[in-house]
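Data first, discussion second: the structure below is written as structure tokens.
The values are calculated or read from the model by the stated rules, or taken from the named source; none is laboratory data. Here the structure is a predicted model, which means the values were calculated and not measured. No Cβ is skipped: glycine too gets one built from the backbone with ideal geometry, and neighbour counts run over all protein chains shown. Surface areas here come from the heavy atoms of the whole protein model, side chains and all, with no ligands, DNA or RNA. Shrake-Rupley method; radii C 1.70, N 1.55, O 1.52, S 1.80 Å.
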Amino acid sequence: MLAIDALLIAACLWLAIGLAGLAAPRNMRFVAKTLFPLGALVGLAAGFVGLGSLGGPAQTAELVIGLPGLPFHLRLDNLAAVFLLLLGLVSAGISLYAAGYFSHDHGINLGALCLEYHVFLASMLMVLLADDAYAFMVAWETMALSSFLLVTTDHKHEAIRRAGFLYLLVAHVGAIAILLSFGVMTGGAGDYTFAGMRAQHLSPFWASIAFLLALFGFGAKAGLLPVHVWLPEAHPAAPSPVSALMSGVMLKTAIYGLLRVGFDLVGMTQWWWGVVALGVGLATAMFGVLYATVQSDMKRLLAYSSIENIGLLAVGIGLTLLFHSYKMEALAALSLTAVLFHCLAHAGFKSLLFLCTGSVLHATKERSLGKLGGLIHRMPWVAWLALAGVIAGAGLPPLSGFVSEWLLLQAFLFSPGLPHSWLNMIVPVAAAAVALTAALAGFALVKFYGIIFLGQMREPGLKDAHDAGPLEKVGLVWLMGLTLALGVLPSTIILKLDAATRQLLGKGLAERVTESGWWLLAPISPERASYAPVLFLATIVATLLLGRWLVRTLYHGRVRRSPAWDCGYHFQGPRAQDTAEGFSQPIRRIFEPMFRMTRHFPSIRDRQPIYTVKVEDHFWYWLYLPIARLANAVSALITRLQGGRIAFYLMYSFVTLILLLLVARP
Amino acid sequence: MMSLSWTGVFGQLFAIVLALALAPLLTGWVNQCRAWLQNRKAPPLLQPYRMLHKLFHKDVVLAHGASALFRFAPFIIFGCMVLACAIIPSLSTDLPFAPAADALALVGVFGLARIFIALAGMDVGTSFGTLGGRREMLIGFLAEPALLMVIFTMAMIAQSTSVTTIVETLAHRELVIYPSIAFAGLAFTMVSFAENARVPVDNPATHLELTMIHEAMILEYSGRHLALLEWAASLKLYAYSCLGLALFFPWGIAERDNLLAMIAALPVLILKLTIGGAVVALIETINAKMRIFRAPEFLGTAFLLAVLGLLVRLLLESRV
């Protein structure tokens, strides 16, 4: 059986599982405990099919569904295989977790949710397989619609409905741009297959138009500035497994689309495209991480952190475009590998973190950081697994986030030699911004972890918090395993990713990586740069164990418990700890112009003094509200045309007809 | 690069043991110099060892709210610092552990230790612990990019991010002061003062609650945990000193398979550390501690200097 057939069967199985959920919507045990694990198995299989087809020849298929004479063209190549691997393996963990998560959650229509969830998975798979604009757009819109329905699962709250509407709106504006981009790339030939687009030789002007439209369209889906506004609204609104799926996997389909258009379909590269993507990416990354540090809602914090990661991916894509346009293919391969690796890494650790917030939410019914705390005592599994996600997300060795950051910085570092001296100057400054972003990500995630899981419990109700259930644990452990494997065995994974890099750029890193052994990551040569996570981890673990053993043998291991010292302060209630707002106060102060802050300071006469601070997005006020006002004004003008009398409408039609006849005179 | 020689293995183990032994001595020496400069009676040079010995003997007093993370963190931080000392060439560049982490990963090692100490500070849930954790992360996110930029400059000169290759390249260069290295050296000095809780940014001797950073996080530690953290702090100072010496004064560090040079390297290293420690004490004495919100300006300056160094390297020295 061909791999592509297996993947189509997987999509059909997902649809069947979803429909089965619809058949027994009230049977919690059946839907949650049977159908979701089955979905996870299908995901696992799809992931391994993706892994297996990496490096093989491209496979194509035609599906005769849809409009007559317009079949769905499908193609499985190495680029698609990388993202199928991501989709399959990550969604397997999320589905397993969801099986445990939704079996507690009463009050939602689980059958409908099961259908939407699996349609969402199947549509993402079809997005990756699509080989013509028609199939791509159908799958893309199904993906947007099913995820919209998932976001608004809890549609009784107005805030969630608003978030869903905003998401749908931005998704459609983006989809229009993507459609236009495809239209430009057909070059007027009327052939909407991707093969037809590859065969077109566009002029630089039209190619640039197509690229910019794609950047905007896919950027809207991925959350690039300034079309990021839906992301921090929609992610917290959705149930946690859905947030994980959207952040971990769906955002990556947009990155996939950008790579597909930029390196495969357009067929040419202009150097300034790279500069544009680099600039947008840097702005997005800085913006995302700064806003992540000041959030007080745990899921919003993670959503902004996803914006940051998407920004870093755009930086990598920009760098790749820049190198590719100057035929510096070795460096292009290095930065493209960083992009692909970071897609996998982010999918793993961000899903892990989102699912951990799901467990916290179930255990405490609370998502505001200021009301949590001390959960490591009540939820040790979730807490320790979240720690792995935090270390990876902060870009620290030896977990997955560090590897992609390392590769990206290496690509920056060995870039001098670009033909423009000012480009050579921009690149290190961009690297500095990337370094700052990575360091700030550490700040945001320490805040996330420290305030939720460490310290004293800020609310008495937290005493009853319980750990994740068995299925949830399995899902979390699986994702943690992916994060660890990516972090510790980067060379093995880069060898696999190499097929995709080679397909897009004609050059990869494989020879170098195999030359220096599986345990050593040395993308250029061991003399220039090397990183051996296995040795790294082994040294720290060995020192840890040896140190512990030596201390215990030479001295003793006695421990006494007593109240905290705290410099002798007597009152140490949970309110003495930092709040989420307090923790981010330095950031708000240093980067004050970046935030739109409304603060309320109590006066000295207040009987019940309250201090509040609200941080909002400048873009909302500077960009979106003016657009909304403009739309309102225009529609108010148009209302005047509607007098409500038939005679007027007939006259409008008549005038229009006359005008058209004048214009369209042969 | 990967060839394991006996001298290499021996040199590696010796470097680790030497770091463990010399690090408290360096801290003691800096304290002694500082006392002299401030007209105080100096504590004995071996005071840090006595303190470590005393602390190891004591019972651990754990706060009621402390979790397992609190007990693990000192060991992890200590492990990170040992790894850092193992990959920074202090005596010789023949280090089998060197490929484990290049200069960028070295920054990652320090970052890992920082995250654990900040989380440990937040673990008990006291007012000072969380405050210290927040301030440590503030200093961290300001210092880390500056340190990376310094490393970028050096890596561009050596065409490599491997610390040993950088040192080997720089040691073979003729004695000319490059402006880029001067900028980088200045930035590196500022970053190391901030990272090691030294005076313009933090005061290691203070117990004034409003000003402390490092102390605030380890207030709740006692016994062997505190000993390990103190030892790790001195190892960090030692690692930063050795890194600075290796990057900016690389002479006298032995290269691979040269036993004679290795033997000669020890007195050179001790001499360099002695001078370096005295300079640290001097700078600490003639400076006043800044307010915490001056730290961003201080580290921002370091960052700008580092970026300036990099640009100078790219624009003016690219043909050198």
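DSSP beta bridges in the protein assembly as shown, what fraction antiparallel, as a percent rounded to 5? Here the share of antiparallel DSSP bridges comes out near 75 percent. Accessible surface of B:Cys33, taken over heavy atoms with a 1.4 Å probe and every protein chain present, rounds to 10 Å². Heavy-atom accessible area buried between chains A and B is around 7300 Å² (1.4 Å probe, both sides summed). From the cross-link list A:Lys33/A:Lys473; A:Lys221/A:Lys365; A:Lys221/A:Lys327; A:Lys156/A:Lys463; A:Lys221/A:Lys496, which pairs have alpha carbons spaced over 20 Å apart? Beyond 20 Å: A:Lys221/A:Lys365; A:Lys221/A:Lys327; A:Lys156/A:Lys463; A:Lys221/A:Lys496.
With a/c under 1.5 counting as rounded, go ahead and sort region A:447-497 into rounded, prolate or oblate using the C-alpha gyration tensor (a ≥ b ≥ c being the square roots of the eigenvalues; past the cut-off, prolate if a/b is larger than b/c, else oblate). Here region A:447-497 falls in the oblate category.
So, counting K/R as plus one and D/E as minus one, what does the shell of residues with Cβ under 9 Å around A:Thr598 add up to? It works out to a net charge of +2.
3J(HN,Hα) along region B:17-23, derived from phi through the Karplus expression 6.51 cos²θ - 1.76 cosθ + 1.60 where θ = phi - 60°, amounts to 4, 4, 4, 4, 7, 7, 4 Hz, with x in place of Gly and Pro. Averaged over its residues, region A:437-565 has an accessible area of 41 Å² per residue, based on protein heavy atoms and a 1.4 Å probe.
Mean residue ellipticity at 222 nm from the helices of chain B, using -39,500 (n - 2.57) per DSSP H segment of n ≥ 4 over the full residue count, to the nearest 500 deg cm²/dmol?
Numbers: 11 runs with 222 residues, N = 320.
Helices in chain B give a 222 nm mean residue ellipticity of -24000 deg cm²/dmol.
Of all the options B:Gly133, B:Gly65, B:Gly276, the one that moves most in a Gaussian network model of chain B with Cα springs shorter than 10 angstrom is B:Gly65.
About its Cα centre, the dipole of region A:298-386 is roughly 420 debye, where the only charges are +1 on Lys and Arg Cβ and -1 on Asp and Glu Cβ. What whole number of Å gives the distance from the Cα centroid of region A:442-507 to the Cα centroid of region A:1-67? The two parts, judged by their Cα centres, are 25 Å apart. What the phi angles of region A:605-612 give under the Karplus curve with 6.51, -1.76 and 1.60, with θ = phi - 60°, is a coupling list of 8, 4, 6, 10, x, 10, 10, 10 Hz, glycine and proline written as x.
Take the Cβ-Cβ distance between B:His172 and B:Leu37 as r, set R0 to 45 Å, and report the resulting FRET efficiency rounded to the nearest 0.05. Intermediate values should be presented prior to the final figure.
Details: r = 37 Å, r/R0 = 0.81.
So the FRET efficiency works out to roughly 0.80.
Taking amide H atoms as placed 1.01 Å from N in the peptide plane, the amide H of B:Ala101 lies under 5 Å from those of A:Ala532, each 5 or more residues away in sequence or on another chain. For A:Val266, no residue 5 or more places off, or on another chain, has a built amide H under 5 Å of its own. The mean number of partner chain beta-carbon atoms within 10 angstrom of a residue's beta-carbon across peptide A:377-384 is 2.
Considering only B:His225, B:Ala246, B:Leu259, and ranking their Cα positions along the charge dipole of region B:134-282 that arises from unit charges at the beta-carbon of Lys, Arg, Asp and Glu, the one farthest toward the positive end is B:Leu259. Within 10 Å of the Cβ of each residue in A:572-578, the mean number of Cβ atoms contributed by other protein chains is 5. Inter-label distance, A:Leu641 to B:Asn287: 6.9 nm, where each label sits 7 Å from its Cα along the C-beta direction.
The distance linking region B:83-141 with region A:157-179 is 42 Å (Cα centroid to Cα centroid, whole angstrom). Here chain A is assigned +1 on the Cβ of each Lys and Arg and -1 on the Cβ of each Asp and Glu. Its dipole about the Cα centre then comes out at about 1660 debye. When the Gaussian network model of chain B links Cα atoms closer than 10 Å, the mean-square fluctuations of B:Ala265, B:Ala66, B:Ala84 top out at B:Ala66. Extending 7 Å from Cα along the Cβ direction at A:Val634 and again at A:Arg605 yields two label points whose distance is 5.1 nm.
In chain A, taking the dipole from charged Cβ atoms about the Cα centre, the farthest positive-side position among A:Gly417, A:Gly267, A:Ser95 is held by A:Ser95.
Note: relative contact order over region B:136-186, using C-alpha pairs below 8 Å and six or more positions apart, is 32 percent.
Just to make sure I understand: if all protein chains stay in place, what is the order of A:Tyr555, A:Tyr569 by accessible area at 1.4 Å, largest first?
Values: A:Tyr555 65, A:Tyr569 120 Å².
In descending accessible area the options line up as A:Tyr569, A:Tyr555.
With the contact rule set at Cα under 8 Å and sequence spacing of 6 or more, what percent relative contact order holds for chain A?
12
When a/c is below 1.5 the answer is rounded, else prolate if a/b is larger than b/c, else oblate, so apply that to region A:470-557 with a ≥ b ≥ c taken from the square roots of the Cα gyration tensor eigenvalues. Oblate. Would you tally the net charge around B:Phe303, using a Cβ to Cβ cut-off of less than 13 Å, leaving B:Phe303 out, and scoring K and R as +1, D and E as -1? Its environment carries a net charge of -2. Put simply, the amide H of B:Ser92, placed in the peptide plane, has neighbours under 5 Å in B:Ala254, leaving out anything fewer than 5 places away on its chain.
For region A:482-525, what class follows from the C-alpha gyration tensor (a ≥ b ≥ c being the square roots of its eigenvalues): rounded when a/c is under 1.5, otherwise prolate if a/b is larger than b/c, else oblate? Oblate, because a/c is 1.5 or more while a/b does not exceed b/c. Only protein heavy atoms count here; under a 1.4 Å probe, A:Thr553 has an accessible surface of about 80 Å².
Placing unit charges on the Cβ atoms of the charged side chains and taking the dipole of the protein assembly as shown about its Cα centre, the candidate lying farthest along the positive direction among B:Thr189, A:Leu537, A:Phe48 is B:Thr189.
Comparing the full protein assembly with the isolated chain, the residues of region A:516-544 losing at least 40 square angstrom of accessible surface (1.4 Å probe) are A:Glu527, A:Arg528, A:Ser530, A:Leu535, A:Phe536, A:Thr539, A:Ile540, A:Thr543, A:Leu544. Can you pull the percent of the protein assembly as shown's accessible area that's carbon plus sulfur, 1.4 Å probe, other chains left in place? Whole-percent figure for carbon plus sulfur exposure: 68. Shown for chain B: lysine pairs separated by 8 or more places, or found on different chains, whose C-alpha atoms are under 24 Å apart, numbering 6. A Förster radius of 60 Å, combined with the Cβ-Cβ distance separating B:Ala21 from A:Lys327, puts the computed FRET efficiency at roughly 0.65.
A simple count of charges around A:Leu331, restricted to other residues whose Cβ falls under 13 Å of its Cβ and scoring Lys, Arg +1 and Asp, Glu -1, yields +3. Tell me the label-point distance for the pair A:Arg161, A:Ser653, using the 7 Å Cα-to-Cβ offset, in nm and rounded to one decimal. Here the answer is 3.5 nm between the modelled labels. Listed values for region A:389-398 are Karplus-derived 3J(HN,Hα) couplings in whole Hz (6.51 cos²θ - 1.76 cosθ + 1.60, θ = phi - 60°), namely x, 5, 5, 5, x, 7, x, 10, x, x, and x replaces Gly and Pro.
Under a Gaussian network description of chain B, with springs only between Cα atoms under 10 Å, the residue in B:His225, B:His214, B:His57 that fluctuates furthest is B:His57.
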